Amino acid sequence: MENLQVYVSELANLLLCKGIQAQLDAFKTGFNEVFPIRQLKIYSPHELAVKLGGESELTWTLDELALAIAPQHGYDSESQVYVDFLRLLHNLITLPSTNVHLNPNLDHN
């Protein structure tokens, strides 16, 4: 049984540490070129997460979406396609992050 524990430990070390060390070093080097790590130390972990990954929760209202997305190319704010697009975006934004079933009701008959 001890032999099995040593094997599992060594395999985990190889797969999760030694086996990917070159890739981790390359990632850190590249990341440091884009975002110098010494300059990022002024931010809290939460601030870094927001800066690098964006807000974890979007809370756009339909009115805010309409203000941010201007209809163009012959469409206006009354165009059904534009209104449906805003509603679809709003529905996608307000879905729980675990919900992957999308079935927007765009039927206006």
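When each of V81, V6 is tested for being of a type in the set (V, I, T) and in contact with a Pro (Cβ under 9 Å, 6 or more places away or on another chain), the lone residue that passes is V81.
Pull up region 59-90, narrow it to residues that are at pLDDT 85 or above and of a type in the set (V, I, T), then point me to the one that is surrounded by the most Cβ atoms within 10 Å (Cβ to Cβ). Only one residue tops the list, namely V83. Given the criteria surrounded by 11 or more Cβ atoms within 10 Å (Cβ to Cβ) and of a type outside the set (A, V, I, L, M, F, W, C), does N3 qualify? No, not satisfied. In region 10-61, counting only helices (runs of 4 or more DSSP H) that sit wholly within it, the ones holding 3 or more residues that are closer than 30 Å to F85 by Cβ span 45-53. Screening S56 with (1) at pLDDT below 85; (2) more than 30 Å from K28 (Cα to Cα) gives one miss only, at (2).
Among residues of region 13-27 that are outside the structural domain of I37 (by TED's automatic domain parsing) and over 23 Å from I37 (Cα atoms), none has a Cβ under 9 angstrom from a residue that is among the basic types (K, R) and modelled with pLDDT of 90 or more at a sequence gap of 6+ or on a separate chain. The set of residues in region 22-39 that are exposed (fewer than 10 other Cβ atoms within 10 Å of the Cβ) and modelled with pLDDT of 90 or more comprises A22, Q23, T29, E33.
The values are calculated or read from the model by the stated rules, or taken from the named source; none is laboratory data. Quick caveat, the model's predicted, so the values are computed rather than measured. Every residue, glycine as well, gets a Cβ built from its backbone with ideal geometry; the counts of neighbours run over all protein chains shown.
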